[in-house]
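J.: Structure in structure tokens, see below.
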Amino acid sequence: MKEIRPSTHPGIILKEEFAIPLHLTQAKLSNDLKVGIKTLSELYNEKRGVTPLMALKLSKYFGTTAEFWLNLQNAYDLHKTYQYEKENLKFIHRAA
């Protein structure tokens, strides 16, 4: 099986590529997105994933697409699952 490319958690992308360059504090962003500051903090700290609702909020706020945020989350989840399960996956063979 081909190795799955490492992916960055979407919370890190949100913080490093959007919030910091735009000088958005967690308090401002959580207020603007109408989410609790704990929700945002957990997202930043990789303790929470991007849900479809959060993807919609982020896409509207930053002018991106919801798919952008969900694809980041999906890639991250796939990589983490692969890392956790790669030994078990060795025993599965392609159907003839």
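J.: Would you list the helices (runs of 4 or more DSSP H) that sit entirely within region 16-73 and hold 2 or more residues that are more than 16 Å from the chain's Cα centre (by Cα), more than 25 Å from residue 5 (Cβ to Cβ) and hydrophobic (A, V, I, L, M, F, W, C)?
T.: Ranges flagged: 26-33.
J.: On to the next question. Every residue in region 1-57 that is of a type in the set (Gly, Ala, Ser) and modelled with pLDDT under 95, please.
T.: 7 - this is the single residue of region 1-57 that is of a type in the set (Gly, Ala, Ser) and modelled with pLDDT under 95.
J.: Still on this structure: Filter region 82-96 for residues that are modelled with pLDDT of 90 or more and part of a helix (DSSP H, G or I); which is surrounded by the most Cβ atoms within 10 Å (Cβ to Cβ)?
T.: If we take residues in region 82-96 being modelled with pLDDT of 90 or more and part of a helix (DSSP H, G or I), then 82 is surrounded by the most Cβ atoms within 10 Å (Cβ to Cβ).
J.: Can you name the residue in region 60-81 that is of a type in the set (A, V, I, L, M) and more than 15 Å from residue 33 (Cα to Cα) and is also surrounded by the most Cβ atoms within 10 Å (Cβ to Cβ) among such residues?
T.: Once the filter is applied, the top-ranked residue is 72.
J.: So, one more: Do we have any residue at all in region 68-79 that's out of contact with any Leu (no Cβ under 9 Å at 6 or more places or on another chain), charged (D, E, K, R) and touching a residue at least 12 places away in the same chain (Cβ under 8 Å)?
T.: Yes.
J.: Considering only residues that are within 13 Å of residue 62 (Cβ to Cβ) and in contact with a helix residue (DSSP H, G or I) (Cβ under 8 Å, 6 or more places away or on another chain), which ones fall in region 12-37?
T.: 13, 14, 15, 18, 19, 24, 29, 32, 33
J.: Could you check region 1-38 and list, in sequence order, the residues that are free of Cβ contacts under 8 Å to residues at least 40 places away in the same chain and surrounded by 15 or more Cβ atoms within 10 Å (Cβ to Cβ)?
T.: Those that are free of Cβ contacts under 8 Å to residues at least 40 places away in the same chain and surrounded by 15 or more Cβ atoms within 10 Å (Cβ to Cβ): 11, 12, 15, 19, 24, 26, 29, 30, 33, 35.
The values are calculated or read from the model by the stated rules, or taken from the named source; none is laboratory data. In this text, all values refer to a predicted model and were calculated from it rather than measured experimentally. Cβ sites come from the backbone with ideal geometry, for glycine too, and all protein chains shown count toward neighbours.
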